[in-house]
Structure formats: structure tokens, C-alpha cells
1. Among the numbered criteria (1) open to solvent by 20 Å² or more (accessible area, probe 1.4 Å); (2) more than 17 Å from the chain's Cα centre (by Cα); (3) touching a residue at least 60 places away in the same chain (Cβ under 8 Å), which one does PRO49 miss?
2. Please state which of the following conditions VAL143 fails to meet, knowing it meets all the rest: (1) at pLDDT 85 or above; (2) open to solvent by less than 30 Å² (accessible area, probe 1.4 Å); (3) farther than 16 Å from GLY63 by Cβ; (4) in contact with a helix residue (DSSP H, G or I) (Cβ under 8 Å, 6 or more places away or on another chain).
3. Restricted to the range 95-140, and to residues that are at positive phi and not acidic (Asp, Glu), which residue is most open to solvent (accessible area, probe 1.4 Å)?
4. I'm trying to understand the selection: among the residues of the range 80-94, which are open to solvent by less than 50 Å² (accessible area, probe 1.4 Å) and among the hydrophobic types (A, V, I, L, M, F, W, C)?
5. Checking ALA27 against (1) at pLDDT 90 or above; (2) under 17 Å from ASP146 (Cβ atoms); (3) open to solvent by less than 30 Å² (accessible area, probe 1.4 Å), which single condition isn't satisfied?
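The values are calculated or read from the model by the stated rules, or taken from the named source; none is laboratory data. What you see is a predicted model, and the numbers here were worked out from it, not measured in a lab. We place every Cβ from the backbone using ideal geometry, glycine too, and count neighbours over all the protein chains shown. Heads up: the accessible areas ignore ligands, DNA and RNA and are worked out on the full protein's heavy atoms, side chains in. Shrake-Rupley method; radii C 1.70, N 1.55, O 1.52, S 1.80 Å.
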Amino acid sequence: MRVSKVSKWCGTVLLMAALLVMLPAAARSPSPESPWQWPVDGVRQVVTPFRAPAHDYGPGHRGIDLSAPTGTVVYAPAAGTVAFRGTVVDRPLLTIDHGNGLVTTFEPMDSTLVPGAVISTGDEIGTVASGGHSPADQLHLGVRLDGVYINPMLMFGDVPRAILLPCCAANALMRAGVPVGRSL
């Protein structure tokens with residue numbers, strides 16, 4: 001019975017790895033001919049990294065929080081059209097539609113731009129404000145591809161490629177008390 005539980009566990013791990021390989025290429029990395037610009041000047045410091053939820057309504061962190069003092073100028077990482085500017089709950093935010101299913105949201109951020117405004121890469125789009133889920137002096141950046149949150153660092157080329165390692169079946173079997181190195 002212990003072997004079957006381990007086998008199911010390893011099968012699940014292999015299935016998840018296969019699904020990750022089959023994701024659309026755009027969800028894994030941006031096209032090399034269109035790298036995005038970092039949205040704030042200064043040292044690139046991610047205070048809180050992206051953490052994908054296990055399912056649509058699961059816990060996670062659907063973006064990155066950047067170190068950026070209140071009042072810091074924020075720049076468009078890529079060309080697009082302002083889709084929304086306003087306050088949601090207690091946070092001022094700005095959403096930009098970059099086309100091809102890519103949408104960015106910045107919060108908390110004060111901006112004078114209006115929906116429909118066309119922006120170019122590097123244009124000033126606002127300043128870091130206060131409010132929202134991030135502590136003071138941080139800017140949250142979320143990126144969605146076809147409605148699904150992805151790691152924004154993919155768009156900046158700052159995520160190292162994942163390296164798949166052999167399944168850890170031997171370790172799992174040993175933890176389950178199954179002798180390893182002998183036929184079962």
C-alpha cells in the first residue's frame with residue numbers, strides 16, 4: 001500500500017512537470033525581440049516575489065512588489081493603452097492593455113492618465129502612492145496573459161530557466177520505509 005501512494009505521488013509530480021512544459025511559450029517567457037523596461041529607476045529590488053496559486057481561488061501573490069518610495073515616478077514597461085485608472089477598495093491603481101492578451105496593473109499608483117490614452121515604452125505613467133496590500137514604499141506590479149496571472153519577472157528576462165531534476169521516488173520510498181536498491 002505504501003508503494004502505491006508513492007507511485008501516485010510521483011505520477012502527480014511527473015504530470016505537473018509535463019503540464020508546465022506544455023504551457024504556451026508566451027506564458028513562459030517574452031519574445032526576445034520585445035524586452036520590457038523596468039518600471040522604476042534605481043536598483044531593481046523585488047521585496048515580495050510572485051507566488052502562483054495552486055488554483056484560481058487559492059492563496060498566492062499574483063505579482064511582484066518592488067521597492068519604490070512614495071512619490072517615485074513609474075514608467076510604462078511596454079507600449080499599450082490605459083484600460084483603467086481609479087481606486088479599487090482602498091488603493092489607487094492603473095491598468096495598461098499591451099495587446100496580445102498582456103495586461104499590467106500597478107498599485108498603489110497615482111496617475112493623471114485616462115482610459116484610452118496611448119502610451120509608449122518608457123513614458124511616465126504616474127507616481128507610487130500609498131494604500132493597498134503592500135507596505136509603504138512599495139509598488140505592486142501584476143501581469144496577466146489572457147486573464148491568467150504570470151510572473152512579471154518573465155517579461156524582464158530576469159527569471160532563470162527551470163531545470164527539471166529526476167523524480168525523487170527513491171527518497172520518497174525511503175521515507176515510506178520501503179527498502180531501496182532491492183526489487184519490490
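1. Here PRO49 meets the rest and fails (2).
2. Only one criterion in (1) at pLDDT 85 or above; (2) open to solvent by less than 30 Å² (accessible area, probe 1.4 Å); (3) farther than 16 Å from GLY63 by Cβ; (4) in contact with a helix residue (DSSP H, G or I) (Cβ under 8 Å, 6 or more places away or on another chain) is unmet by VAL143, namely (3).
3. If we filter the range 95-140 for residues that are at positive phi, which is where we start, we get 99-101, 116, 122, 126, 131-132, 137.
Still in the running and not acidic (Asp, Glu): 99-101, 116, 122, 126, 131-132.
Working: GLY99: 28, ASN100: 150, GLY101: 28, GLY116: 51, GLY122: 25, GLY126: 12, GLY131: 30, GLY132: 28 Å².
Top of the filtered list is ASN100.
4. Keep residues of the range 80-94 that are open to solvent by less than 50 Å² (accessible area, probe 1.4 Å), which gives 80, 82, 86, 92-94.
If the condition is that a residue be open to solvent by less than 50 Å² (accessible area, probe 1.4 Å) and among the hydrophobic types (A, V, I, L, M, F, W, C), then VAL82, LEU93, LEU94 are the ones that fit.
5. The number of the failed condition is (1).
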